[in-house]
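Q: Quick one: the structure is below, and I'll ask about it shortly.
The values are calculated or read from the model by the stated rules, or taken from the named source; none is laboratory data. Worth saying up front: this structure is predicted, and the values here are computed from it rather than measured. No Cβ is skipped: glycine too gets one built from the backbone with ideal geometry, and neighbour counts run over all protein chains shown.
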Amino acid sequence: MPIVTIGAEGRWTNYHGTGTSEEATRFALRSGVAERGRDEIAIAARAVQDWLAAAQVAKRRVRPLGAGWSPSNVNISSQSWLLHTRRFNRCFRIGGDDVRPGIDAAALMLVEAGALVDEVSDKLEAQGRSLWTSGAGNGQTFAGAAATGTHGSMIARGGIQDHIRAIQIVTPAGIHWIEPAAGVMSDAFIAATGSIPLRDDAIFAAAQLPVGSFGIVTALIIDSVPKFLVRPIQNLRKVDRAALDWLAEGDFRRFSAAYAIDRDPDFVQMIVNPYKPFKRAAMLRFLYAEPWRDDYPRATPGQLGAGHDALSLLGRLLNDYPWARGALLQFAMKLGYASGPDVDAPPVFGSWGEGLDTHRPLADLFNASVTIDRADLTRAFELICAVYARHGGSTVVTVRFMERAQGLIAPARFAHNAVIDFDGPRSQRTADAYARVVERLDAEGIVFTRHWAKSCRLDAARVAADYGDDFRRWRAARDRLMPDPAHRALFGSEILDGLGLTL
Ligand SMILES: Cc1cc2nc3c(=O)[nH]c(=O)nc-3n(C[C@H](O)[C@H](O)[C@H](O)COP(=O)(O)OP(=O)(O)OC[C@H]3O[C@@H](n4cnc5c(N)ncnc54)[C@H](O)[C@@H]3O)c2cc1C
């Protein structure tokens, strides 16, 4: 049986303890042992459809769960049936006969929706392939990460959902195989997955970033690039105000030459102390991609600079000693940030996956962001730091860069994006300071969007305004996939209804 019940009705708290589903009945979708992936997902998708029918009979809403990481509580739903997908995590190669003409089967992998980003990355790397971007951590499920538009700071890439070439989605009315109109997989392959093909650009673009409102994603076809090496450079440097202009213009080479090495970087991330961001050293991370070679000296994740969570340990101090916030944050940045590999250290290399870490749960996490047009960085950045610090925001501020991401309601919707994250310990003061930041951006007429997974104070009116026609297209696509309002309501929750995604 692919779906099993876990325990009696009760409470379920998400990974970082930001929300609890009350009176929840928990189920788990589990991988089987079928030799071929298409057979396995056909069995699972049928079981999911039966489970949805049973939930309707029981008059319960449903909530699919990935790793449960999202602090925005888009993974929380009380008086519901929860479906844990984490153990539905096998990955399968794709054969040349399984794809339509012109599609490179060797680049693709069939992934069960609960596979962690880490697991997908490992499987691809074992085949000489790689993801081209992902978030700073890799402990999310692939479907969960795509659902909220997870991203990192690969400057020429979009979000993790850009890897998706086809999606199997189960709704009460059917098992759908969704692809762009040009098609990806062969009809025979799709038929073997037990799905009805739906080749439609708008529905595909909507389903790439569904925020849990579009049915249950059971499987994905993931694209990849040839495996590559990255050389990290990580250092603490005072960043000059003028350097923001280079970043805003996309002159990452100049930024790299000033603070690391004179080479085009593929990844640039800057973590600053919002209290005097240009007077105190910022934590910089650069990655330089190189062609794969097997004989590179292996480095540990620590040597590669993976993970930077130690900051959250200072939560209590930051909250209790407001007068010392700027200094404490700087102290934390120094302690928590891997010291190197800096420019003058012997270079270390790793694959994309080796440079990532899976985060431990962070109780009392605060996590919010704004995504702006990169061209607005210079005028927005100092303003954001000033407002945030003035109102007692007690987290570091991270700046990351990415190109427009796929998915109709991807927050990275500008041609070139700067994403500004506020990640650290939770406190009311920090939440209020973030609220003042977004108020001020509005007052200054700086256009921005917010991350679906983070605690960003979004509501339905704001979502509709932020995404405009793309949101209307997203809803129209959702309604074509699930024309029956009762089916759409099945995926509702207090949070998702409030965002206007399920009504
Ligand atoms: C410590 C930490 C670090 C992070 N780092 C980054 C980062 O670097 N960059 C970034 O962009 N984001 C980051 N995030 C946000 C994170 O990537 C998202 O919260 C992501 O959605 C988590 O994936 P998940 O598998 O835990 O999904 P969940 O939180 O379990 O679910 C997310 C949404 O997807 C839905 N869903 C999950 N699986 C399915 C399915 N199979 N079918 C249909 N719907 C489904 C859920 O119902 C929910 O609505 C971070 C979050 C934390 C807590």
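Q: Criterion first (in contact with a Phe, Trp or Tyr (Cβ under 8 Å, 6 or more places away or on another chain), in a helix (DSSP H, G or I) and in contact (Cβ under 8 Å) with a residue 40 or more places away in the chain) does Ala453 satisfy it?
A: no
Q: Exactly one of (1) charged (D, E, K, R); (2) in contact with a strand residue (DSSP E or B) (Cβ under 7 Å, 6 or more places away or on another chain); (3) surrounded by fewer than 20 Cβ atoms within 10 Å (Cβ to Cβ) is unmet by Asp122. Its number?
A: Among (1) charged (D, E, K, R); (2) in contact with a strand residue (DSSP E or B) (Cβ under 7 Å, 6 or more places away or on another chain); (3) surrounded by fewer than 20 Cβ atoms within 10 Å (Cβ to Cβ), the lone unmet condition for Asp122 is (2).
Q: Pick from the range 182-218 the residues that are within 27 Å of the chain's Cα centre (by Cα) and of a type in the set (D, E, K, R): which of them is nearest to the ligand (Cβ to nearest atom)?
A: Asp200
Q: Something else: Need at least 1 residues that are among the hydroxyl-bearing types (Ser, Thr, Tyr) and more than 14 Å from the ligand (Cβ to nearest atom) per element, so show me which helices (runs of 4 or more DSSP H) inside the range 458-503 make the cut, counting only ones lying wholly within it. Working first, answer last.
A: Numbers: elements: 460-481, 485-490, 494-498.
So the answer is 460-481.
Q: Go through (1) in a loop (DSSP other than H, G, I, E, B); (2) within 23 Å of Asp497 (Cβ to Cβ); (3) in contact (Cβ under 8 Å) with a residue 60 or more places away in the chain and name the single condition Ser31 misses.
A: (2)
Q: Still on this structure: Out of all the residues in the range 418-433, is one or more surrounded by fewer than 21 Cβ atoms within 10 Å (Cβ to Cβ), outside any helix (DSSP H, G or I) and away from the ligand (no atom under 16 Å from the Cβ)?
A: The initial filter retains those residues of the range 418-433 that are surrounded by fewer than 21 Cβ atoms within 10 Å (Cβ to Cβ), namely 428-429, 431-432.
Add one more test, that the residue is outside any helix (DSSP H, G or I), and what stays is none.
Checked the range 418-433: no residue is surrounded by fewer than 21 Cβ atoms within 10 Å (Cβ to Cβ), outside any helix (DSSP H, G or I) and away from the ligand (no atom under 16 Å from the Cβ).
Conditions (1) touching a Cys at 6+ places or on another chain (Cβ under 8 Å); (2) within 13 Å of the ligand (Cβ to nearest atom); (3) assigned to a helix (DSSP H, G or I), marked per residue:
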position: Val111; (1), (2), (3): yes, yes, no
position: Lys123; (1), (2), (3): yes, no, yes
position: Gly152; (1), (2), (3): no, yes, no
position: Asp162; (1), (2), (3): no, yes, yes
position: Ala166; (1), (2), (3): no, no, no
position: Val170; (1), (2), (3): no, yes, no
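Q: Hey, Ile175 hits all of (1) within 12 Å of the ligand (Cβ to nearest atom); (2) among the hydrophobic types (A, V, I, L, M, F, W, C); (3) assigned to a strand (DSSP E or B) but one; which does it fall short on?
A: Exception for Ile175: condition (1).
Q: State which residue pairs qualify: first residue over 16 Å from Arg285 (Cβ atoms) and inside the range 253-264, second residue among the small types (Gly, Ala, Ser) and surrounded by 13 or more Cβ atoms within 10 Å (Cβ to Cβ) in any location, beta carbons under 9 Å apart, and separation of 6 or more residues or different chains.
A: Arg254/Ala243; Asp262/Ser256
Q: I've got another one for you. Being more than 8 Å from the ligand (Cβ to nearest atom) and of a type in the set (Val, Ile, Thr) is the filter; apply it to the range 36-79 and report the residue that is surrounded by the fewest Cβ atoms within 10 Å (Cβ to Cβ).
A: Going through the qualifying residues, I end up with Val57.
Q: In addition: Of the residues Gly139, Gly135, which is within 16 Å of the ligand (Cβ to nearest atom), modelled with pLDDT under 95 and touching a Phe, Trp or Tyr at 6+ places or on another chain (Cβ under 8 Å)? Let's see the steps before the verdict.
A: On the way: Gly135 fails: touching a Phe, Trp or Tyr at 6+ places or on another chain (Cβ under 8 Å).
The match here is Gly139.
Q: Right, something else. When you go through Ile94, Ile103 one by one, which is the residue that is crowded, with 23+ Cβ neighbours inside 10 Å, away from the ligand (no atom under 16 Å from the Cβ) and over 20 Å from the mean Cα position of the chain (by Cα)?
A: When all the criteria are applied, what remains is Ile94.
Q: Give the residues of the range 80-91 that are basic (Lys, Arg) and surrounded by 20 or more Cβ atoms within 10 Å (Cβ to Cβ), sorted by residue number.
A: Arg90, the sole residue that qualifies.
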